[in-house]
1. About the Cα centre of segment 28-152, what is the dipole size in debye to 20, counting +1 per Lys and Arg Cβ and -1 per Asp and Glu Cβ, all else neutral?
2. Using a cut-off of 12 Å between beta-carbons, work out the net charge of the residues near Glu96 (Lys and Arg +1, Asp and Glu -1, Glu96 not included).
3. Among the listed pairs Lys39/Lys78; Lys42/Lys70; Lys42/Lys150; Lys39/Lys150; Lys39/Lys81, which have their C-alpha atoms separated by more than 21 angstrom in this model?
4. Most exposed first by the Cβ proxy, i.e. fewest other Cβ within 10 Å, how do Thr44, Thr186, Thr83, Thr162 rank?
5. Using a Förster radius of 41 Å, what is the FRET efficiency between Tyr134 and Ala169 based on their Cβ-Cβ separation? Nearest 0.05, please.
6. If I model a spin label as a point 7 Å beyond the Cα along the Cα-Cβ vector, how far apart are those points for Lys180 and Glu49 in nm?
7. Based only on other Cβ atoms within 10 Å, what is the fewest-to-most ordering of Asp122, Asp60, Asp157, Asp74?
8. Which of Tyr134, Leu58, Ile146 sits closest to the plus end of the dipole of segment 28-152, meaning its Cα is farthest towards the positive end, when Lys and Arg get +1 and Asp and Glu get -1 on the C-beta?
Amino acid sequence: MPSQYFPVQRNQTELDLSDIKSEGPVALKNSQIVVDRDKNQKFTERGLEILSWGKINLHDEEQVYQRISKYFDDCQQKSIKPTVSALAFSLRISREMLYRFVRGDAVVERNYSPEIVSMIRDAYQMLDVLWEDYMMNGQVNPASGIFLGKNHFGYRDIVDYTISPGSSAAPPSPAELSQKYEQLPTPEDDIFVEDS
């Protein structure tokens, strides 16, 4: 995509970090800012590259297949974890539209073929599998991973409660109940006082 769409110009308020050589984050003195220029640059360049891929016809099976393949190939070549949002972006749809494909709503709403819906569902399911593998192998921050699992893949915390009686004592016998009933006060007893 031509650079006129996203011009990058330096102005006086920007920090020039071009002379800093760093493999890791750079902390600036007297500031809360932490810059990892190399990674930030890598992710931004990747986003711009995906943007340059342009739109595809989502009703054309071959174009959808090629775009999904291109997205995952790009992730693999650049050693970047694939994400739900980036997959949707590469297809030029919103995350919500991606979820509609996964739920099957897109077939009814916009008449997409079952084959296209299946391809997009498979790509989404692959992201779910990868997320689980990353979580199980320590490749994702646990707090971030839990957030992603709940918000993208429908995982949730489940708490089961088992309710049981407080004591295991046997219930009173009919004779014991009768005796307790006889001990209750009656209206003829002196405990009832009429208002005057």
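Any read-out appearing in this document is the output of simple, stated calculations on the displayed coordinates, not a laboratory observation. No experiment lies behind these values; they were computed from the predicted model shown. Cβ placement follows ideal geometry from the backbone for every residue including glycine, while neighbour counts extend to all protein chains displayed.
1. On the way: 17 positive and 17 negative charges, 114 e Å.
Charge dipole of segment 28-152: 540 debye, to the nearest 20.
2. On the way: positive: Arg95, Arg100, Arg103; negative: Asp105, Glu109.
Net of charged neighbours comes to +1.
3. Working: Lys39/Lys78 12 Å; Lys42/Lys70 18 Å; Lys42/Lys150 27 Å; Lys39/Lys150 26 Å; Lys39/Lys81 13 Å.
Check vs 21 Å cut-off fails for Lys42/Lys150; Lys39/Lys150.
4. Numbers: Thr44 12, Thr186 8, Thr83 16, Thr162 4.
Fewest-to-most ranking of Thr44, Thr186, Thr83, Thr162: Thr162, Thr186, Thr44, Thr83.
5. Numbers: r = 52 Å, r/R0 = 1.28.
Given R0 = 41 Å and the Cβ-Cβ separation, E is 0.20.
6. So the two model labels end up 7.7 nm from each other.
7. Details: Asp122 10, Asp60 13, Asp157 6, Asp74 17.
Fewest to most other Cβ atoms nearby, the residues stand as Asp157, Asp122, Asp60, Asp74.
8. So the residue furthest toward the plus end is Ile146.
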